[in-house]
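Since every read-out is calculated from the coordinates, none of them should be taken as a lab result. The shown structure was predicted, so the numbers you read here are calculated from the model rather than taken from an experiment. Neighbour counts are summed over all protein chains in view; Cβ atoms, including those assigned to glycine, are modelled from backbone coordinates with ideal geometry.
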Amino acid sequence: MVPDRRPPAGLAAALEALTAHVDGLARAAGIPLPAHLPLTLPLLGPLPERAAAVERAVAAALEASRPAQAIWREGRVFCPRCESLDCAHAAPPSPTTVFGGYAPTGWPQWLDFTQVCVDRRVPGLDGIFADPPQVVGYADADALTAALLPEYAAALAPWRPLGQVVVGPVPADPGRPRHSERHALTLQVVALAQPGSPATLRLNTLGLSSEVIIDAATDGPPRGVAEGLWRTLQQAHRLVARLNRRAGTAAARGEAFDRAAALSTLLGRLRADLVRLFEPRTWRTRHADDRHQAGVRPTETALGDAREAGDDRLYLDTRRETVIVIGPRGRAHVFTLRGRHVTSLRLAPGELTRRTGRDRWKPLAPDAAQAFRDALPLPAP
Ligand SMILES: [Zn+2]
């Protein structure tokens, strides 16, 4: 007799939930889902802490599983001639040049942003030459790769741009929108594929690095242009991850999915959001709207997260002398040392590790952590 080896139902459900969590994280980080993930299972202590420990362990194990040959470098495009992201052809020669797709023989084309806008008669073109300039934008999809000869098109298999949104001229320092040089900003949807596995979509940023954007958002005023840009970038990551999931689900079910149409909608929305973001009037209006609304929920969430954060969730931003509170689900809040909420943002996967690894954020010393907690306003009765 073969004994009944069916596992307990609760265990199957837990494993299913864990697998879904890992899968979502892997897609968002552009890492192919590995067949196995070595994890340590914490069994003692409060459940929220153990869940947080598992969450961290999953993120770290996934990052460790990232295939060495996975091709990724923010701010660059793949060069099919050199089959590289490191050659001179892969990077824009200046922050005002934009990716104009591939030439038939595989060379990445870098074009002057203003010239492209003039050639394409981009709506609002005159605004580029105003002072301060107005931000305009356009989107590209199939045209990026349409001219390639088949042999070079095949070389793009591991890193293929599906579409992009280009806006400019945007402030090189989004935290100082009125006083800085101007760049062209590109958000690019890229399909990454390992041989034998389905493609994963990922968002690439050219012209301004996501580090510059998050720094400006952290340092800038709440509801400023920099924070808006950071939120739009996070939104773009979410939209790309969702497109990824929808394509994956449709493929698994053998259903048709019009990825090109979904991508076109996504790019159109991003272009509109980005252009609107840099219209000075939008920000004034939004600010007034926010003040008009009675509830200040973001601040309440931030305060709640700050009150509940253990010492291991409190960091000192060494450059700005501000306290960073790490909340649940990638939330992060910036406070002054005296407990005043400055702004909130959402951390991309791996962002915390990167910031603490570079010593930009250091764990807050226990006495400073206690002083910070004491300085926080008391919860409303
Ligand atoms: Zn090259």
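Name the shape class, rounded, prolate or oblate, that the alpha-carbon gyration tensor gives for the range 295-375, where a ≥ b ≥ c are the square roots of its eigenvalues, rounded holds for a/c under 1.5, and otherwise prolate holds if a/b is larger than b/c and oblate otherwise. The partial results should precede the final answer.
Numbers: a/c = 1.64, a/b = 1.12, b/c = 1.47.
Taking the square roots of the gyration eigenvalues as a ≥ b ≥ c, the range 295-375 is oblate.
Run through the range 168-230 and list the trypsin sites (Lys or Arg not before Pro) located in a DSSP loop whose Cβ has at most 11 other Cβ atoms within 10 Å.
Numbers: sites: ARG178, ARG182, ARG202, ARG223; in loops: ARG178, ARG223.
Those satisfying the criteria are ARG178.
Please give the charge dipole size of the range 21-115, origin at the Cα centre, charges +1 on K and R Cβ atoms and -1 on D and E Cβ atoms. Round to the nearest 20 debye. The partial results should precede the final answer.
Details: 7 positive and 8 negative charges, 17 e Å.
Charge dipole, the range 21-115, about its Cα centre: 80 debye, nearest 20.
For the range 107-172, what class follows from the C-alpha gyration tensor (a ≥ b ≥ c being the square roots of its eigenvalues): rounded when a/c is under 1.5, otherwise prolate if a/b is larger than b/c, else oblate?
Numbers: a/c = 3.04, a/b = 2.59, b/c = 1.17.
It comes out prolate by the Cα gyration axes.
Using a ≥ b ≥ c from the Cα gyration tensor of the chain (square roots of the eigenvalues), is it rounded, prolate or oblate, where a/c under 1.5 gives rounded and otherwise the larger of a/b and b/c decides, a/b for prolate? Write down the numbers at each step before the final one.
Values: a/c = 1.95, a/b = 1.12, b/c = 1.74.
It is oblate, given that a/c is not under 1.5 and a/b is not larger than b/c.
Just to confirm the filter: which trypsin sites (Lys or Arg not before Pro) across the range 70-143 are DSSP coil and have at most 14 other Cβ within 10 angstrom of their Cβ?
On the way: sites: ARG73, ARG76, ARG81, ARG120, ARG121; in loops: ARG73, ARG76, ARG81, ARG121.
Qualifying residues, ordered by number: ARG73, ARG121.
Using alpha carbon centroids, what distance separates the range 193-255 and the range 130-153, in Å?
Each part reduced to its Cα centre gives a spacing of 18 Å.
Restricting attention to the range 185-264, which GluC sites (Glu not before Pro) occupy a DSSP loop and are surrounded by at most 15 other Cβ atoms within 10 Å? Before the final figure, lay out the partial values.
Details: sites: GLU211, GLU227, GLU255; in loops: GLU255.
Of the GluC sites (Glu not before Pro), the ones in loops of the range 185-264 whose Cβ has at most 15 other Cβ atoms within 10 Å are GLU255.
Toward the positive end of the charge dipole of the chain, about the Cα centre and with charges on Cβ (Lys, Arg +1; Asp, Glu -1), which of SER180, PRO93, LEU314 goes farthest?
Most positive-ward Cα: LEU314.
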